[in-house]
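In what follows, a structure is listed as structure tokens, so that the remarks can point back to it.
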Amino acid sequence: MPKIRTSRTKRPPEGFEEIEDSLAEFTKKMRDAENETHEGKRKAEALWPIMRLNHARSRYVYELFYKRKAISRKLYDWLLKEKYADAGLIAFWKKNGYEKLCCVSCVQTKGRNYEGSTCKCRVPRAQLKSNESVQCQHCGCQGCSSSD
């Protein structure tokens, strides 16, 4: 979540006004997802919409800076500092083979059933058995391998 701006915080860099409406829409959707009822959902399933919105907002900032070159470096750094985007996730997207990564927890090797492995959604679909489910337990991803 982005930090709350007060009268004592620094003003955003030039160009923020152009993307402020889009970021405000993401913030509104995030609040709605956080306030959504958790009744009838599994333990981690309640977090899936939040993870998807975090991914979408980070992807929006990433594409503005790296793909479209629509924002300045100063604004991009400010957005990361103010937590408008996930810096760790964007760092992975810049690496070869992680262009479609859904969340950072899917590449962490600790806390898995088979120590030293990554999440099931990172395995290419061609290497999975035909009846095997691909959906990630942590974020609900349907598969984020770059070879899919």
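The values are calculated or read from the model by the stated rules, or taken from the named source; none is laboratory data. Since the model is a prediction, treat every value here as computed from it, not as a measurement. Cβ coordinates were reconstructed from backbone atoms using ideal geometry, including for glycine residues, and neighbour counts include every protein chain displayed.
In the range 1-58, of all residues being of a type in the set (Ser, Thr, Tyr) and modelled with pLDDT of 90 or more, the one that is nearest to the chain's Cα centre (by Cα) corresponds to SER58. Of everything in the range 99-132 that is among the hydroxyl-bearing types (Ser, Thr, Tyr) and exposed (fewer than 11 other Cβ atoms within 10 Å of the Cβ), the residue that is farthest from ARG57 (Cα to Cα) is SER130.
On inspection, SER105 qualifies as within 20 Å of the chain's Cα centre (by Cα) and not in a loop (DSSP other than H, G, I, E, B). Restricting the first member to the range 119-139 and to residues that are not assigned by TED's automatic domain parsing to the domain that holds LEU47, and the second to residues that are charged (D, E, K, R) and crowded, with 16+ Cβ neighbours inside 10 Å, the beta-carbon pairs closer than 7 Å and six or more apart or on different chains are VAL134/LYS120; CYS136/LYS120. Residues that are surrounded by 18 or more Cβ atoms within 10 Å (Cβ to Cβ), more than 17 Å from the chain's Cα centre (by Cα) and in a loop (DSSP other than H, G, I, E, B): does the range 78-98 have at least one? Checked against the condition, which is being surrounded by 18 or more Cβ atoms within 10 Å (Cβ to Cβ), more than 17 Å from the chain's Cα centre (by Cα) and in a loop (DSSP other than H, G, I, E, B), the range 78-98 yields no hits at all.
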